[in-house]
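Colleague: Quick one: structure below, then a few questions.
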Amino acid sequence: MNFVIKNNLNDEEEQYLQTRFLSAAAALGISEKIALPLYDQVHYEYTDWSRHYHNLSHILSLLGLSELFAAQLKESALVDMAIWFHDVVYDSKKKDNELQSALLMEQLLRPYLKKEQLDFVYALIMSTSGHKPLLPENADNLWFLDFDLAILASYKKTYRKYSDAIREEYKSLFSFFVYNAGRKKVLKSFLERKTLYFSTEFQEKFEPIARENLAWEIAGLKEG
């Protein structure tokens with residue numbers, strides 16, 4: 001799995017993002033004329049200066065995963081829309097980012113999607129709050145959540161970049177020690193789960209690596 005963690009993408013990566021958005025829109029019956037301004041608005045939200053991990057590089061990585069595991073997805077276009085919108089609203093000071101992201105998705109896509117499609121994307125986005133599937137019997141929901149947490153199973157160098165980027169998003173809000181205490185609590189809650197991932201493939205291939213990375217980060221978090 002390849003992960004990109006950076007603030008600015010190159011031209012090839014930017015073109016890939018636009019192509020994937022327009023392809024998903026077309027599969028859902030949304031014309032390019034309508035999809036382009038939607039893409040521009042969503043793209044703009046992810047370029048906010050305060051984003052260091054939850055930015056376009058995160059979307060790029062998740063779209064790469066949805067392409068890699070496309071054969072496993074039944075509603076790939078809707079999963080891609082959930083990827084695009086799941087962090088479209090992101091303010092590290094707020095605790096309702098998932099809800100606000102889901103609401104903005106509804107607002108922008110309501111004229112073009114059926115109610116059941118909107119409800120499905122809404123459920124996928126909201127399942128990232130706590131990372132628990134709201135549709136536990138739906139395989140796409142499980143794959144989507146695994147994509148979102150796949151970074152936990154990255155190579156150590158990449159994982160370090162990920163953890164540093166998360167810290168940057170909270171740097172202006174919390175002191176070093178307060179952040180470390182909160183981050184440690186979150187990471188321990190993941191380790192306490194029976195499984196981090198929901199698909200058998202992720203559990204078998206990536207779960208041990210992810211747990212090792214989590215334990216490594218926890219060990220390096222000093223508290224006052």
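Here, each number is a calculation from the coordinates, and none is a lab measurement. Note that the coordinates shown come from a computational prediction; the quantities given were computed from them, not determined experimentally. No Cβ is skipped: glycine too gets one built from the backbone with ideal geometry, and neighbour counts run over all protein chains shown.
Colleague: Could you let me know the centre-to-centre spacing of segment 189-207 and segment 25-44, using Cα atoms, in angstrom?
Modeller: 34
Colleague: Something else now. Okay, which of segment 103-134 sit inside 16 Å, backbone N to the point 7 Å along the Cα-Cβ direction of GLU192?
Modeller: What the label zone holds, given the 16 Å backbone N cut-off, is 130-132.
Colleague: While we're here: Suppose R0 equals 22 Å; then what is the FRET efficiency for ARG160 and LYS93 from their Cβ-Cβ distance, rounded to the nearest 0.05?
Modeller: Details: r = 25 Å, r/R0 = 1.14.
Efficiency for this residue pair is about 0.30.
Colleague: Something else now. With each run of n ≥ 4 DSSP H residues scored as -39500 (n - 2.57), what mean residue ellipticity at 222 nm is computed for the chain after dividing by its residue count and rounding to the nearest 500 deg cm²/dmol?
Modeller: Mean residue ellipticity, 222 nm, calculated: -19500 deg cm²/dmol.
Colleague: At a Cα cut-off below 29 Å, give the lysines reachable from LYS161, other chains included and same-chain residues fewer than 8 away excluded.
Modeller: Leaving aside lysines fewer than 8 places away in the same chain, those within reach of LYS161 are LYS6, LYS93, LYS94, LYS95, LYS132, LYS171, LYS184, LYS185, LYS188, LYS194, LYS205, LYS222.
Colleague: Compute the distance in nm between two label points, each set 7 Å from the Cα along the Cα-to-Cβ direction, one at LYS185 and one at GLN100.
Modeller: About 2.1 nm, to one decimal.
Colleague: For ALA165, what is the net charge nearby, where nearby means another residue's Cβ is under 12 Å from its Cβ and Lys, Arg count +1, Asp, Glu -1?
Modeller: Working: positive: LYS6, ARG51, ARG160, LYS161, ARG167, LYS171; negative: ASP164, GLU168, GLU169.
Local net charge: +3.
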